[in-house]
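This report concerns only the one structure given below.
The values are calculated or read from the model by the stated rules, or taken from the named source; none is laboratory data. Note that the coordinates shown come from a computational prediction; the quantities given were computed from them, not determined experimentally. Glycine also receives a Cβ, built like all others from the backbone with ideal geometry; neighbour counts cover every protein chain displayed. Accessible surface is based on the protein model in full, side chains and every heavy atom, while ligands, DNA and RNA are left aside. Shrake-Rupley method; radii C 1.70, N 1.55, O 1.52, S 1.80 Å.
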Amino acid sequence: MIILGIESSCDESSVCLIEDKNILAHLTYSQIEEHRAWGGVVPEIAARAHLDKLPLLLQKVLDAYQKKIDAIAATAGPGLIGGVMVGFNMAKAMSVAMGVPFYGINHLEGHILIARLFASIPVPFLALLVSGGHSQFVVVRGIGTYEVIGQTLDDSCGECFDKTAKMLGLFPSGKSIEERAKLGDSAAYKLPMPRPHDKDCHFSFSGIKNAARLLIEEHQITEDPQKINDFCASFQDTMAKILVSRASYALNNASGCHDFVICGGVAANTYIQERFEHFSKEHHVNLHVAPCAFCTDNGAMIAYACYERILHHIPPSPLDMLPRPRWPLDTEK
Ligand code: KG4
Ligand code: ZN
């Protein structure tokens with residue numbers, strides 16, 4: 001089965017062609033340079049860049065593999081709506097022109113399922129999804145059957161990385177913090193653990209963002225490159241501790257799950273991955289993380305989620321389906 005997947009919900013324009021579980025072609029254009037001057041993703045610029053780049057990526061992929069396509073999938077949300085509309089509408093139009101089914105995919109489902117392209121992960125399993133817009137624990141009971149058992153009460157984990165990076169003058173955010181942290185001392189600054197007395201699997205990141213701002217100002221951290229390195233190491237270590245501590249409560253609420261997936265852009269962080277390796281050994285669960293390029297946004301996760309849906313006899317999306325800026329994972333429509 002050959003599936004074309006398109007991702008355009010944030011700042012990566014990405015197109016992927018898969019044949020069952022094999023990736024035939026996967027092209028991603030990162031819009032980092034378009035957004036650098038602004039220190040963060042500007043929705044209008046992102047939408048225009050998708051409009052500019054996606055047709056060329058599609059042309060390259062389709063020219064390289066002149067195969068009969070069985071289905072076309074695109075991110076239908078959640079995400080920056082201007083960008084989502086670009087890829088979503090291209091996919092719909094192509095499906096009409098080629099006479100093949102169209103699948104509007106939930107971006108979060110793509111993040112969670114892509115781990116199964118690389119390893120055999122039986123359901124039910126527990127997933128921690130940590131991205132720019134989301135931080136949640138999800139019990140995957142089956143394809144299309146997701147139970148969100150914990151989530152952030154305010155900001156997302158990725159947003160906390162992004163805002164802190166911006167205060168430090170670093171871009172692109174999470175990745176730069178990880179790079180600078182390698183050169184720093186994680187014991188240099190003490191950041192607070194949020195909600196220390198709440199024994200549940202919900203997150204709160206707004207307090208740590210605020211604490212970061214106060215520390216950066218108080219210690220004039222931006223004025224000394226070594227202070228920036230130390231601060232990045234301390235911040236990253238605290239973020240890892242928060243994620244790991246909430247994961248134990250999540251496992252308590254995920255009976256029958258022996259497999260644990262971490263996914264989304266923040267899961268690309270190798271320090272956080274290492275902390276979860278220890279955690280998984282301690283808790284006797286099998287940890288799964290897709291390769292870094294498949295943690296951050298990519299077209300393969302959209303094509304692959306579509307493949308899983310087809311295998312599980314889930315029907316295509318109607319052509320009048322509308323894209324959704326917000327789309328909780330536990331609601332199908
Ligand atoms: O999944 P993703 O690519 O896009 C969304 O769906 O939001 O996640 C992007 C988020 C951003 O907040 C970015 O700063 C963060 O993932 N991120 C990282 C790393 N790479 C990306 N955070 C920490 N360490 C990284 N290496
Ligand atoms: Zn994403």
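Qualifying trypsin sites (Lys or Arg not before Pro) in segment 20-110, where qualification requires a DSSP coil assignment and no more than 16 other C-beta atoms within 10 Å, comprise Lys21, Lys67, Lys68. Shape class of segment 294-333 from the alpha-carbon gyration tensor: oblate, with a/c at 1.5 or above and b/c at least as large as a/b. Here the extension length gained between Glu44 and Leu62 equals 3.7 nm, from 0.36 nm per residue of separation less the Cα-Cα distance. Surface analysis of the chain yields an accessible area of 43 Å² per residue, using protein heavy atoms and a 1.4 Å probe. For segment 175-235, relative contact order (Cα pairs under 8 Å, six or more residues apart, normalised by length) works out to 62 percent. For the chain, the residue among Ser245, Ser234, Ala303 whose Cα projects farthest onto the positive side of the dipole built from Cβ charges is Ala303.
Hey, got the dipole for segment 1-129? About the Cα centre, +1 on K and R Cβ, -1 on D and E Cβ, debye to the nearest 20? Display every interim value, and only then the final one.
Values: 9 positive and 12 negative charges, 46 e Å.
Taking the Cα centre of segment 1-129 as origin, the dipole is about 220 debye.
Quote to one decimal, in nm, the extra length available between Ser255 and His219 on full extension: 0.36 nm per residue of separation minus the C-alpha distance between them. Working shown, then result.
Values: separation 36, 0.36 × 36 = 12.96 nm, distance 4.50 nm.
Contour length minus Cα-Cα distance gives 8.5 nm.
In the chain, helical runs assigned H by DSSP with n ≥ 4 each contribute -39500 (n - 2.57); averaged across all residues and rounded to the nearest 500, the mean residue ellipticity at 222 nm is -14000 deg cm²/dmol. Only lysines eight or more places from Lys166 in sequence, or on another chain, were considered; those with a Cα closer than 26 Å are Lys175, Lys182, Lys190, Lys209, Lys227, Lys241. The label-point distance for Asn286 and Asp70, in a model that sets each label 7 Å from Cα toward Cβ, rounds to 2.5 nm. Would you work out which of Met90, Pro323, Ile143 lies farthest towards the positive end of the dipole of the chain, given +1 charges on the beta-carbon of Lys and Arg and -1 on that of Asp and Glu, about the Cα centre? Looking along the dipole axis, the top candidate is Ile143.
With +1 on each Lys and Arg Cβ and -1 on each Asp and Glu Cβ, and nothing else charged, work out how big the dipole of segment 115-229 is about its Cα centre, in Debye to the nearest 20. Write out the running numbers ahead of the final one.
Working: 13 positive and 14 negative charges, 57 e Å.
My answer is approximately 280 debye.
In whole percent, how big is the carbon plus sulfur part of the accessible area of the chain, probe 1.4 Å, protein atoms only? Don't skip to the end; give the middle numbers.
Values: 7860 of 14350 Å².
Looking at the chain in its full context, I get 55 percent from C and S.
Going by the alpha-carbon gyration tensor, a ≥ b ≥ c the square roots of its eigenvalues, is segment 76-143 rounded (a/c under 1.5) or, if a/c is not under 1.5, prolate (a/b greater than b/c) versus oblate? Before the final figure, lay out each step's value.
On the way: a/c = 3.16, a/b = 1.57, b/c = 2.01.
Taking the square roots of the gyration eigenvalues as a ≥ b ≥ c, segment 76-143 is oblate.
In segment 98-197, which trypsin sites (Lys or Arg not before Pro) are in a loop and have at most 11 other Cβ atoms within 10 Å, using DSSP for the loop call?
Values: sites: Arg116, Arg141, Lys163, Lys166, Lys175, Arg180, Lys182, Lys190; in loops: Lys182, Lys190.
Sparse-neighbourhood loop trypsin sites (Lys or Arg not before Pro): Lys190.
Under the classification rounded if a/c is under 1.5, otherwise prolate if a/b is larger than b/c and oblate if not, where does segment 41-166 fall, given a ≥ b ≥ c as square roots of the Cα gyration tensor eigenvalues? Could the numbers behind the result be given before it?
On the way: a/c = 2.26, a/b = 1.29, b/c = 1.76.
Because a/c hits 1.5 or more and a/b fails to exceed b/c, segment 41-166 counts as oblate.
Computed from point charges on the beta carbon alone (+1 for Lys and Arg, -1 for Asp and Glu), the dipole magnitude for segment 56-197 about its Cα centre is near 200 Debye.
Test of understanding: what is the full-extension gain from Arg326 to Thr145, defined as 0.36 nm times their sequence separation minus their Cα-Cα distance? Kindly include the intermediate steps, with their values, before the conclusion.
Numbers: separation 181, 0.36 × 181 = 65.16 nm, distance 1.80 nm.
Taking Arg326 through Thr145 to full extension adds about 63.4 nm, to one decimal.
The mean sequence separation of alpha-carbon pairs under 8 Å and at least six residues apart, normalised by the residue count of the chain, gives a relative contact order of 24 percent. Of the GluC sites (Glu not before Pro) found in segment 243-333, those in coil by DSSP whose Cβ has at most 13 other Cβ atoms within 10 Å are Glu332. Tell me which lysines have Cα within less than 19 Å of Lys67's Cα, excluding those fewer than 8 residues away on the same chain? In chain and number order, the partners are Lys21, Lys92.
Counting pairs of alpha carbon atoms under 8 Å apart in space and at least six apart in sequence, what relative contact order in percent does segment 1-85 give? Display every interim value, and only then the final one.
Working: 142 pairs, mean separation 34.6, N = 85.
Once normalised by length, the contact order is 41 percent.
Computed from the Cα positions only, the extents of segment 123-187 along the three principal axes stand at 41, 22, 21 Å, in decreasing order. Farthest toward the positive end of the dipole of the chain, out of Ser13, Pro55, Ile3, is the Cα of Ile3, where the dipole comes from beta carbon charges about the Cα centre. Between the alpha-carbon centres of segment 110-164 and segment 24-42 there is a gap of 23 Å.
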